[in-house]
Every structure is written in structure tokens, then in C-alpha cells.
Amino acid sequence: MVDTEDKLKAFMPILDQMVQQGLVVLSDVDIIKYAHNYEKGERRQKARL
């Protein structure tokens, strides 16, 4: 999942009930989105989460 830290942390209690064993990694990511339907802009867009 990729979302804001607040939303992911809010989901953790639900995940605690669902998962018996596993790994969760919370970290900043660099997202590069390629869009086919762009207008007057770059096809490649960066976002920081």
C-alpha cells in the first residue's frame, strides 16, 4: 500500500487483528508516474510521499 503515514498508522489496529505473522515497513518513497493522457505537461511526474 502507498498512502500517507497518518492513514497507514490508522490502519494498523485492523492489520493487527488480521495478520498473525509478517512484516510492515513504513518509509518515504519516491513515486514516478507515467501518464498516457497528459496535456501540456511532462508525461513523467514525480511525487513525494
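Testing Y34 on (1) at pLDDT below 85; (2) surrounded by 10 or more Cβ atoms within 10 Å (Cβ to Cβ); (3) over 12 Å from the mean Cα position of the chain (by Cα), one condition comes back false. Which one is that? For Y34, the failing item is (2). Which condition breaks for V2 when tested against (1) more than 18 Å from the chain's Cα centre (by Cα); (2) at pLDDT below 85? Here V2 clears every test but (1). If you go through the stretch 11-22 and pick out every residue that is assigned to a helix (DSSP H, G or I) and either over 14 Å from the mean Cα position of the chain (by Cα) or of a type in the set (D, E) (or both), you end up with 7.
The values are calculated or read from the model by the stated rules, or taken from the named source; none is laboratory data. Everything quoted here is computed from the prediction, not taken from an experiment. Don't worry about glycine lacking a Cβ; one is built from the backbone with ideal geometry, like all the others, and counts go over all protein chains shown.
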